[in-house]
1. Could you please let me know if ALA254 is over 16 Å from the mean Cα position of the chain (by Cα) and either modelled with pLDDT of 95 or more or not hydrophobic (A, V, I, L, M, F, W, C) (or both)?
2. Given the range 334-415, what strands (runs of 3 or more DSSP E) lie entirely inside it while holding 1 or more residues that are touching a residue at least 60 places away in the same chain (Cβ under 8 Å), on the phi < 0 side of the Ramachandran plot and touching a Cys at 6+ places or on another chain (Cβ under 7 Å)?
3. Restricting to the range 205-221, count the residues that are without any contact (Cβ under 8 Å) to a residue 60 or more places away in the chain and either open to solvent by 50 Å² or more (accessible area, probe 1.4 Å) or of a type in the set (Asp, Glu) (or both).
4. Please determine, by comparing only the residues of the range 182-199 that are open to solvent by 20 Å² or more (accessible area, probe 1.4 Å) and assigned to a loop (DSSP other than H, G, I, E, B), which one is farthest from LEU248 (Cα to Cα).
5. Which of the residues that make up the range 301-315 are modelled with pLDDT under 85 and within 13 Å of ALA341 (Cβ to Cβ)?
6. Show the residue pairs that are 6+ apart or on different chains and have beta-carbon atoms under 6 Å apart, the first residue being within the range 246-266 and more than 26 Å from ALA199 (Cβ to Cβ), the second being among the hydroxyl-bearing types (Ser, Thr, Tyr) and open to solvent by 30 Å² or more (accessible area, probe 1.4 Å).
7. Of all helices (runs of 4 or more DSSP H) completely enclosed by the range 238-326, which ones contain at least 3 residues that are within 21 Å of THR166 (Cβ to Cβ)?
8. Run ARG321 past the list (1) without any contact (Cβ under 8 Å) to a residue 60 or more places away in the chain; (2) surrounded by fewer than 19 Cβ atoms within 10 Å (Cβ to Cβ); (3) of a type in the set (D, E, K, R); (4) over 24 Å from CYS426 (Cα atoms) and report the number of the one that doesn't hold.
Amino acid sequence: MSAASCAREVGPPLGLTRAFAAFVQSAAFDRMPVSVHAEAQRAIADCLGGALAGAGEPVAIQAARLAETDTGPCTLWAQPRRASARDAALINGCAAHAHAIDDTNESMRGHPSAPIVPAVLALGEEIGATGRALIEAYVVGVEVAAKLGLAVNDRHSQLGWHTTCTLGAVGAAGSCAKLLGLDEMRTVHALGIAASMAAGLRVNFGSMTKPLHAGLAAHNGVLAARLAEAGVTASDQALEGHEGFLALFCGDDARPQRALATLGQPFELVGPGIVYKQYPTCSLMHALVDMAIETRAHRLPELLGVSRIRCGISTRLGAARKTAWPTSGMEAKFHVEYCVAVALLCGTQGLSDFVDAALERPDVRALAQRIEVAPGIDFPAGNGDFAELHIEVNGQTVFHDRRAKPRGHPSQPLSDAEHRDKFMACASLAMDGAAAAELLSALRGTPFPDARTLGRLLAATR
């Protein structure tokens, strides 16, 4: 579905808000490529695996405590309790982003699934949505969030906004409008309401507020769609109008034509696609961590006498990184020296490396202190997220490489077995292996399970 079809053949082209609403309202499961359905199932499964691992983290637990006096029809994942759709979206959204193991998208410059999956499954469970409806809603939400990202990035992110929350809220509202079957104008209102709710400050990276951003975006998506359904109105130019989303979040650098020209052509799920994370750290670090792990696997004897380690990082990672030694596992996710030292010493990088106690390892800290970091080095034009690793032993180079993309990027996809292993490792932290395997089988199956079946499977605990 192209922007031209959304703009119709008669009359002036629609503005961005109306074009998004027309796209959401008219998109249909049967008109989406089969490859989009398949990638949606893969991405939803990946998100849910990470969310089950995050369900026991403090940010999700504290958010759930606020809803303890509430009841409702919706599952709190890996918990025996239930909640309203809005509370479930908030709490499950926090869980989905708690470990930062959830997927990313290059157009969005953020995490699409963490805000959108919790919103879709919570509202879907409340209204009894079919599996087809869940896939349909998820796809359009990712499309709106990512294409809105095309219109405002990179300037939007450079200004300090956390795109997972700002763009994610609008995408989640689009998903929920689709689930509720809102007409075009009520969908316009849902997107406009969500645009007024959009926030999220990058200064909070490395704290529990970062995963809270995903929960807030999911919650606000549900709330915006329900308010629009009830008749609450918003500007039909909330995104592109004077003092609207684009102007305030991006200024003169906004390029709405980029979103309009590619809306549904192709769907973001398959082009540029979803980037699946192997490590629970900032995604901009992953190519560097890949190289460190490979170096450890092949050159351990040489590394024992390492004399110099130099890491070249992108300007974007330089802006996000923490430079002081981390005081918590959450801060460590943004500390280049810590992440590279762990990868070199252990040959892996997992959830256990980002608990507070892990920061006390003397060997990791000693190696980290010998790592030099060069932000914004001269990488080839058009490859702003390149990473470089250079290792010397006694003045001799033993490793030197540059990478543009990490494993898990569509150009270097993970195998089905690697996706399964990641899901099982994460989900098994919250439920027994048999329950995790049953859930994964359902998520990979055809037809995709309905929302209430998924709620039952996600409620299982150890």
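The values are calculated or read from the model by the stated rules, or taken from the named source; none is laboratory data. As the structure is a prediction and not an experimental result, all values here were calculated from the model. All Cβ positions, even for glycine, are placed from backbone atoms using ideal geometry, and neighbour counts span all protein chains on display. Surface accessibility is based on the protein's heavy atoms, side chains included, excluding ligands, DNA and RNA. Shrake-Rupley method; radii C 1.70, N 1.55, O 1.52, S 1.80 Å.
1. So ALA254 fits the description; yes.
2. 371-375, 387-393
3. 0
4. ASP183
5. Passing the criteria: LEU303, VAL306.
6. Pairs that qualify, where the first residue is more than 26 Å from ALA199 (Cβ to Cβ) and the partner is among the hydroxyl-bearing types (Ser, Thr, Tyr) and open to solvent by 30 Å² or more (accessible area, probe 1.4 Å), are GLN265/SER2.
7. Because the criterion is at least 3 residues that are within 21 Å of THR166 (Cβ to Cβ), the helices (runs of 4 or more DSSP H) in the range 238-326 that meet it are 245-249, 256-262, 315-320.
8. Single failed check for ARG321: (2).
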